[in-house]
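Novice: Here's a structure for you.
Derivation of every value follows stated rules applied to the coordinates shown; laboratory data play no part. In this text the structure is predicted, and so the values were computed from the model without any measurement. Heads up, the Cβs are rebuilt from the backbone with ideal geometry, glycines too, and the neighbour counts pull from every protein chain shown.
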């Protein structure tokens, strides 16, 4: 009697332990978020959305899936192309649903874990919320959330992938956006020539070196490394487009002091993200630098750093451009992890997952 | 060892667990406290798409009426006790009968007053995508300027000079200087388990501020007008004499 009850208790404790262990370690494969050397801690709260291989692969599939738009033509990737550092290549404004143009230039997507507010006007306060804006904008993907969820829930591949990534049968807005965030968070661009030079693994040629020196004197207070933006909102003295009538940050804060202020864009991969400015009005770097040199419009909210524009000689412009091209991160632009998923690879082989993301 | 013995042991184990449970957890006697929201126009029960006249003399009908209730606090003033339901959010929707009844599990013996927020606290406005009634798919969230629409009133009035003579009041804003979350306090004469809360929609248009529909038929962003509407509708709640 005593013996059996002891055995019984041990057995039940053991079973309880097994089920506890099972719950503690679901069958997902954690994905390491590697902070580049010397960079600050990311701002994104990973505890609320732990990165996993399954979540990343699901997010990537969603990112490249046209069904997230109303007519099936516009995936996130239709305006955020990898070879353009996830901006729209060679387009001032991107094409959206029903033959329309978007209102602003699509920014590149990288290093998003270090960013608190999103969009040119900073209107969106969380990375997980960001995809909902283009998704529902009638000039972008033109869809509504319920309809996207309906399409995803009907798809058996998605059903399986959501269950794999989140361990739930449910598919809802939160999980869709968390999966997208997992993909977006992994888009880290920190392997340009500039980065290698800073790590002592490479060296600038003469124009690049001179350009870097000029950049440090004249550009760095807004385009501060390592992100090449200080994430602030500034009026750089651009004229107002009389059709778009875009007053930038003021639309969000309703404060006059924010009139015509836009986010300082990162200059990483700037070679690939042309045209420039919030409405893509500058087709070339020369046009941007020419603006700073001689076209800054002075108004109440124009940035005080641009009181006299930025004095630049033609020679200096050439050197600065040489430096800016060292910010191109070709390993990021070509990283197959971030490329459209090959449907064959989407069905993971038993050992494929173990190698796919290393 | 026979099957009987195993069962005997199993019962013994269950018995121990029950004892331990009683020793270590103070089991209170929970009660269900029911809140029923009843939208009205003056003394009439609100019906969607029926024509009414507001206290400013304007005719109007309502096609949609939804608002968030959150941060409920039940108080028993006599015994100086209170209970907070801080992480529970409810979306009262005129088109969804079930949403108008809120059930709370409370251990208070008597509830003498209730405090609640009409809207969503600022914290939940900055924590990304939520689930349940806070899911942005519910249509109560601005995706271009992150933040919840605390309350929504849509309808028509022949007096409005806009397409379809429609008014559309989406009231939101959580940042300092634009906050539209309002706290409401209601007192009960005698304690009870089910409380009916009347919400007179007329207060939207005429309470602290006079906001004629003809002039203020469109509100789709945070700001002064949104805050005036919030001030107005925060006074719309009352409890019938009990």
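Novice: Given the DSSP H assignment, sum -39500 (n - 2.57) over each helix run of at least 4 residues in chain A and divide by its residue total; what's the result at 222 nm in deg cm²/dmol, nearest 500?
Specialist: Numbers: 15 runs with 130 residues, N = 358.
After summing the helix terms and dividing by the residues of chain A, the value is -10000 deg cm²/dmol.
Novice: Right, something else. Have a look at A:259, A:189, A:299 and tell me which one the Gaussian network model of chain A (Cα, springs below 10 Å) gives the largest fluctuation.
Specialist: So, out of A:259, A:189, A:299, the one fluctuating most is A:299.
Novice: Now for a different question. List the residues of the range A:94-119 whose backbone N lies under 17 Å from a point placed 7 Å from the Cα of residue A:337 along the Cα-to-Cβ direction.
Specialist: Inside the label zone: A:109-114.
Novice: Report for the protein assembly as shown the percent antiparallel among DSSP-assigned beta bridges with both residues inside it, nearest 5.
Specialist: 85
Novice: Something else now. For residue A:305, put the label point 7 Å out on the Cα→Cβ axis and report which residues of the range A:109-131 keep their amide N under 12 Å from it.
Specialist: Under cut-off, by backbone N: nothing.
Novice: For chain A, with a Gaussian network of springs between Cα atoms less than 10 Å apart, report the residue from A:113, A:322, A:41 with the top mean-square fluctuation.
Specialist: Maximum among the listed residues: A:41.
Novice: Could the peptides A:54-63, A:327-336 be put in order, highest first, of the mean number of other beta-carbon atoms found within 10 Å of their residues?
Specialist: Listed from highest to lowest mean packing, they are A:54-63, A:327-336.
Novice: Would you mind getting me the FRET efficiency between residue B:80 and residue B:193? Use the beta-carbon distance for r and R0 = 35 Å, nearest 0.05. Walk me through the numbers on the way to the answer.
Specialist: On the way: r = 20 Å, r/R0 = 0.57.
Between residue B:80 and residue B:193 the formula returns 0.95.
Novice: Multiply the residue gap between residue A:257 and residue A:11 by 0.36 nm, knock off their C-alpha separation, and tell me the result in nm, one decimal place.
Specialist: Contour length minus the Cα-Cα distance gives 81.6 nm.
Novice: Expressed as an acute angle from 0 to 90° and rounded to the nearest 10, what is the orientation of the C-alpha long axis of helix B:3-24 relative to the principal long axis of chain B?
Specialist: The angle comes out near 60 degrees.
Novice: Within 10 Å, count the other beta carbons around each residue, average over each peptide in B:136-146, A:260-270, B:78-88, B:189-199, and list them highest first.
Specialist: A:260-270, B:136-146, B:189-199, B:78-88
Novice: Another question about this same structure. How big is the C-alpha Rg of the range B:30-238 next to the rule-of-thumb value 2.2 N^0.38 Å, as a ratio?
Specialist: 1.02
Novice: What percentages, rounded to whole numbers, describe P(r) for the range A:193-327 computed over all alpha carbon pairs with 10 Å bin width beginning at zero?
Specialist: Binned Cα distances yield the sequence 12, 42, 33, 12, 2.
Novice: Given the peptides A:286-294, A:83-91, arrange them by the average over their residues of other C-beta atoms within 10 Å, most packed first.
Specialist: Highest-to-lowest ranking by the protection proxy: A:83-91, A:286-294.
Novice: For the pair residue A:231 and residue B:239, what calculated FRET efficiency results from E = 1/(1 + (r/R0)^6), where r is the Cβ-Cβ distance and R0 = 41 Å, to the nearest 0.05?
Specialist: It comes to 0.25.
Novice: Taking the Cα atoms only, what angle lies between the long axis of helix B:224-233 and the longest principal axis of chain B, rounded to 10 degrees?
Specialist: Orientation of helix B:224-233: about 60 degrees from the principal axis.
Novice: Per-residue Cβ counts within 10 Å, from other chains only, averaged over B:124-135: what number is that?
Specialist: If you average over the peptide's residues, the count of other-chain Cβ atoms is 5.
Novice: Along the Cα→Cβ direction, 7 angstrom out, place labels at residue B:73 and residue A:159. What is the inter-label distance in nm?
Specialist: Result: 4.7 nm between the two label points.
Novice: Label-point separation (nm) for residue A:99 and residue B:113, each offset 7 Å from Cα along Cα-to-Cβ?
Specialist: The modelled label-to-label distance comes out at 6.3 nm.
Novice: With a 10 Å cut-off between alpha carbons and a GNM built on chain A, which of A:107, A:226, A:40 moves the most?
Specialist: A:40
Novice: I would also like to ask the following. Calculate the all-directions average of the projected area of chain A's alpha-carbon convex hull, and give it in nm².
Specialist: 23.4
Novice: Residue B:38 to residue A:151: FRET efficiency via 1/(1 + (r/R0)^6), r the Cβ-Cβ distance, R0 51 Å, to the nearest 0.05?
Specialist: 0.85
Novice: Do me a favour and compute the ellipsoid semi-axes for the protein assembly as shown from its Cα gyration tensor, root of five times each eigenvalue, largest one first, whole Å.
Specialist: Taking √(5λ) for each eigenvalue gives 48, 39, 21 Å, largest first.
Novice: Something else now. So how tilted is helix A:2-24 from the main axis of chain A? Cα-based, degrees 0 to 90, rounded to 10.
Specialist: Here the helix axis deviates by roughly 20 degrees.
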